[in-house]
Amino acid sequence: MPRWDRVKKSFFDWERLTDSFPHLLHAFVLDIKIFAWTTPCILIVAVLIAIARSTRAPALFPVRIFVIAYTDIMRGVPVILWIYLVGFGVPGIGLERPWNSPLIWGSVALGMTYSAYVAEVFRAGIESVHESQRAAARSLGLSSSQTMRHVILPQAIRRVVPPLMNDMVSLQKDVALVSLIGPIEILRQAGIDKAKFANFTPFVGAALIFLAITIPLTRFTDWLLTRERDRTGASKVR
Amino acid sequence: MNAKLTLNSIAKSFGDNQVLRDISLTIETGEVVSFIGASGSGKTTLLRCINLLETVDNGSILLDNTEITAVGLDPNPIRRRIGIVFQSFNLFPHMSIRRNVTLALTEVLGMSVDAANETASSLLARFGLSEKIDSYPDRLSGGQQQRVAIARALALNPEVLLLDEITSALDPELVGEVLDVVRELKGSGITLLLATHEMGFAREISDRVCFLAEGVVAEMGQPEQIFSHPSDPRTQQFLQRVIAAGRLRG
């Protein structure tokens, strides 16, 4: 491998890594902030969408149509395109500071698309709860919303924790896409350092920082699942 | 005696399959009535219609002379008065045994947590389940789960209890403990409707037995009459098959 030395020099330069690491860590704080404020919004909106879609009352038909359209449209367009459209488009209508910040609207775009994906995960969970559970709850006189809240949702959420965490890991990475409309988060900072050093090592540093978050997050999910299985002792084949 | 439950010409189809054609019968307060018949004869569907889990296509059901199948009626207050126990138990797997029993008490009746817990403790003690009160359903045997399901339905103090083939999913050695609970309920004033394949038990416990065939009541009467002197040829044929299968002494 005659070119390995050159690759090593431009991607794995220890000195460049230690030089840029503090900048990268500092910029990563913004990634964490975006992740931290979009995640709860996504989860709440997604649960509401999934519940709306699982309603059965004929009178709520328009609501179901609306949320189906929402999830289809949000999932049908690449995330990056939504970030451009919403991130540049909405401030473009002439909002005052601080409401014209691409950071805010980029996060909103991210939240909108992810809530549609996560809603589908919740919906799959809701539908996986056997109809007999609903029958049992309704037979006790619980209303359909009480049945959803106490019987269906708790079981659905437990079942979708792994795919949900999968989406969260994915979101944690896609936060970097917001950099494309301006905010200096870790990916953009790595780009800046790359240009300054004429060396790609800052990107490797950024990758290491992402891994430091996403791997523990995945292990934590596994731990949660094991604990849940031990507690309820589900030895049955489902 | 007064009629607790009156069924007038009940009909119910699922697609092209007409499960109930024309069922009319009256059940007295405190009476124990068993519904027998081949699989698919409509026993389960009939019980689910009475609990309003299914809507009838035709006919009406009266509880204490009030029509409960009227269009637009809120089913929830009625379901509190008519409990149901399912073949597959249908306990809530994410809740402790205690919470399974108290859920409807706190959420539907608005009882305080303490009062609900007390009700659950005494009911579960009555059925020999005190030790399991903090366990989760998956840790219990089938017989124990079904007894919890009965306790859960009884917690609301229903006037009518529907038992839908409650021993069909159990291992043979666990059937007895569940039937003992049902024996205990008889005579407590509650009206019991059973869909069952346990012919010996139906004969022993029932005030009346109703044989369903092809979506109608083929024959209904005292257990002795149905089991020893069936008049309808369909009943005779059914019982012969049951005896041949060793499920009833001839």
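The values are calculated or read from the model by the stated rules, or taken from the named source; none is laboratory data. What you see is a predicted model, and the numbers here were worked out from it, not measured in a lab. All Cβ positions, even for glycine, are placed from backbone atoms using ideal geometry, and neighbour counts span all protein chains on display. Just so you know, the surface numbers come from the protein's heavy atoms only, side chains and all, with ligands and any DNA or RNA stripped out. Shrake-Rupley method; radii C 1.70, N 1.55, O 1.52, S 1.80 Å.
If A:Lys196 passes every condition in (1) touching a helix residue (DSSP H, G or I) at 6+ places or on another chain (Cβ under 6 Å); (2) more than 30 Å from A:Arg56 (Cβ to Cβ) but one, which one does it miss?
Status for A:Lys196: all satisfied but (1).
Residue by residue through region B:83-98, note down the ones that are in a helix (DSSP H, G or I) and among the aliphatic types (A, V, I, L, M).
Listed by number, the list holds a single entry, B:Ile97.
Condition (residue is under 21 Å from B:Phe201 (Cβ atoms), away from chain A (no Cβ under 14 Å) and either free of Cβ contacts under 8 Å to residues at least 40 places away in the same chain or surrounded by 17 or more Cβ atoms within 10 Å (Cβ to Cβ) (or both)) applied to region B:61-68: is it met by at least one residue?
Scanning region B:61-68, I find no residue that is under 21 Å from B:Phe201 (Cβ atoms), away from chain A (no Cβ under 14 Å) and either free of Cβ contacts under 8 Å to residues at least 40 places away in the same chain or surrounded by 17 or more Cβ atoms within 10 Å (Cβ to Cβ) (or both), so the answer is no.
Considering each residue of region B:122-151, count those that are touching a residue at least 12 places away in the same chain (Cβ under 8 Å), within 13 Å of chain A (Cβ to nearest Cβ) and out of contact with any strand residue (DSSP E or B) (no Cβ under 8 Å at 6 or more places or on another chain), and give that number.
Qualifying residue count for the region: 12.
Of the conditions (1) in contact (Cβ under 8 Å) with a residue 12 or more places away in the chain; (2) open to solvent by 10 Å² or more (accessible area, probe 1.4 Å); (3) touching a strand residue (DSSP E or B) at 6+ places or on another chain (Cβ under 8 Å); (4) at negative phi, B:Val85 clears all except one; give me its number.
With (1) in contact (Cβ under 8 Å) with a residue 12 or more places away in the chain; (2) open to solvent by 10 Å² or more (accessible area, probe 1.4 Å); (3) touching a strand residue (DSSP E or B) at 6+ places or on another chain (Cβ under 8 Å); (4) at negative phi applied to B:Val85, the lone miss is (2).
Output the residues belonging to region B:126-140 that are assigned to a helix (DSSP H, G or I) and open to solvent by 50 Å² or more (accessible area, probe 1.4 Å).
If the condition is that a residue be assigned to a helix (DSSP H, G or I) and open to solvent by 50 Å² or more (accessible area, probe 1.4 Å), then B:Arg126, B:Ser130, B:Glu131, B:Lys132, B:Arg139 are the ones that fit.
Take the residues of region A:122-146 that are buried (at least 20 other Cβ atoms within 10 Å of the Cβ) and part of a helix (DSSP H, G or I): which is farthest from the other protein chains (Cβ to nearest Cβ)?
Top of the filtered list is A:Arg123.
Yes or no, residue by residue, for (1) at pLDDT below 95; (2) surrounded by fewer than 17 Cβ atoms within 10 Å (Cβ to Cβ); (3) assigned to a helix (DSSP H, G or I):
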{"position": "A:Pro40", "(1), (2), (3)": "no, yes, yes"}
{"position": "A:Ala59", "(1), (2), (3)": "yes, yes, yes"}
{"position": "A:Ile65", "(1), (2), (3)": "no, yes, yes"}
{"position": "A:Asp72", "(1), (2), (3)": "no, yes, yes"}
{"position": "A:Val86", "(1), (2), (3)": "yes, no, yes"}
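Which of the residues that make up region B:1-42 are over 17 Å from B:Leu62 (Cα atoms), charged (D, E, K, R) and either at pLDDT 95 or above or in a strand (DSSP E or B) (or both)?
B:Arg21
Quick one: is B:Gly110 surrounded by fewer than 22 Cβ atoms within 10 Å (Cβ to Cβ) and either more than 12 Å from every other protein chain (Cβ to nearest Cβ) or in a helix (DSSP H, G or I) (or both)?
no
Taking region A:142-165 as the region of interest, how many residues are farther than 17 Å from B:Asn90 by Cα, of a type in the set (A, V, I, L, M) and in contact with a Ser or Thr (Cβ under 9 Å, 6 or more places away or on another chain)?
Within region A:142-165, residues that are farther than 17 Å from B:Asn90 by Cα, of a type in the set (A, V, I, L, M) and in contact with a Ser or Thr (Cβ under 9 Å, 6 or more places away or on another chain) number 4.
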